[in-house]
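A short worksheet on the structure shown next.
The values are calculated or read from the model by the stated rules, or taken from the named source; none is laboratory data. Treat the numbers as computed from the prediction; the structure is a model and nothing was measured. All Cβ positions, glycine included, derive from the backbone under ideal geometry; neighbour counts span all protein chains shown. Ligands, DNA and RNA are stripped out before the accessible areas are found, and what is left, the full protein with its side chains, is counted by its heavy atoms. Shrake-Rupley method; radii C 1.70, N 1.55, O 1.52, S 1.80 Å.
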Amino acid sequence: MSVTVWRIALDRQLPQRLPLSPDEAEIAARFRFPRHGDRYRVAHWGLREILAAATGQPADALAFSRDDRGKPQFARGDGPAFNLSHAEDLALVAVADRLPAPGTPVATGRGVPHVSVGVDVDCQRAVPEMMAVANSHFAVEEREALRATPDDERLTTFYRIWTRKEAFVKATGSGVGPALARFAVTAAARDARILRADDYPEAASDWTLKHIALGAPYVGAVVVTAPQVSVELRDWVP
């Protein structure tokens, strides 16, 4: 199977009519700063248009719900796996090309019932007490990799690890906190792998972790709970 990661520029002019649900419109209106509300609107506008093209349904007719882990999905469970992440003026939408075929190896640990996708993007900024944050949230393998990184590369390495872990959490719905130290990912840009996952032993060999090259200051990653998944990055144009 394959996954397309769509890159959405969020600082763009909004059309007069957006295919947002009442809930999405209400959330956008609650942002303190109008710019942030507009970015939310663009992100969900893009998400709906992308999923409409993938399913052949009208963008404003798409209905979503959340599974028992709180992860967004198609309300009737009949659409492809997808996930959304945004940071500053950039969003990423990851969409599986199809529903998993019968017999596809999928997640079985802690109730992940089917192929799932998790994507994360972050914008690099200074992290005070970086090693203290790593000591609280990173696995021992990740902390060692961060300490071994030259000073001028450490911030990017930190965000590379962080986004990979966030993508894993979003794919599994396992949550943050202590669970973050129960799995480990690689730190190198050209070697994106899940090293181990205490609660999902199949992850290290049967799941896919990909680095997404976005260009500074952004860092991105995607995790798919299926093996040998190809990932393509594309730009969304309304």
- Item | Debye intensity ratio I(q)/I(0), log10, the chain, q values 0.11, 0.12 Å⁻¹ (C-alpha model) | -0.57, -0.67
- With a 10 Å radius around each residue's Cβ, average the other Cβ atoms per peptide and rank 203-212, 12-21, highest first. 203-212, 12-21
- Task: Decide, for the range 114-192, between rounded, prolate and oblate: order the square roots of the alpha carbon gyration tensor eigenvalues as a ≥ b ≥ c, take rounded if a/c falls under 1.5, and otherwise choose prolate if a/b is larger than b/c, else oblate.
- Result: prolate
- Query: Using a 1.4 Å probe, what is the accessible area per residue for the chain, in Å²?
  - Reply: 49 Å²
- At what distance in nm do the modelled label points of Asp191 and Ile27 sit from each other, each positioned 7 Å from its Cα along Cα→Cβ? 3.8 nm
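With a 1.4 Å probe and every protein chain kept in, tell me what percent of the accessible surface of the chain is carbon plus sulfur.
Ligands and nucleic acids excluded, carbon and sulfur give 50 percent.
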- Message: Suppose each label sits 7 Å from its Cα in the direction of the beta carbon; what would the Ala9-Ala216 distance come out to in nanometres?
- Response: 2.1 nm
- Kindly state, to the nearest 0.05, the FRET efficiency for Arg182 paired with Asp152, given R0 = 45 Å and r defined as their beta-carbon distance. 0.90
- Item | Spin-label pair Arg234/Ala54, simplified geometry with 7 Å Cα→Cβ offset, distance in nm | 1.1 nm
- Of Ser136, Ser174, which has the most accessible area with a 1.4 Å probe, and how do the rest follow in descending order? Ser136, Ser174
- Ranking Ala213, Ala28, Ala187 by how far each Cα lies towards the positive end of the charge dipole of the chain (+1 on Lys and Arg Cβ, -1 on Asp and Glu Cβ), the top one is Ala28
- Is the range 124-238 rounded, prolate or oblate when judged by the Cα gyration tensor, a ≥ b ≥ c being the square roots of its eigenvalues, rounded requiring a/c under 1.5 and prolate requiring a/b larger than b/c? oblate
- Message: Is the C-alpha gyration tensor of the range 39-86 telling us rounded, prolate or oblate? Criteria: a/c under 1.5 is rounded; beyond that, a/b larger than b/c is prolate, otherwise oblate.
- Response: oblate
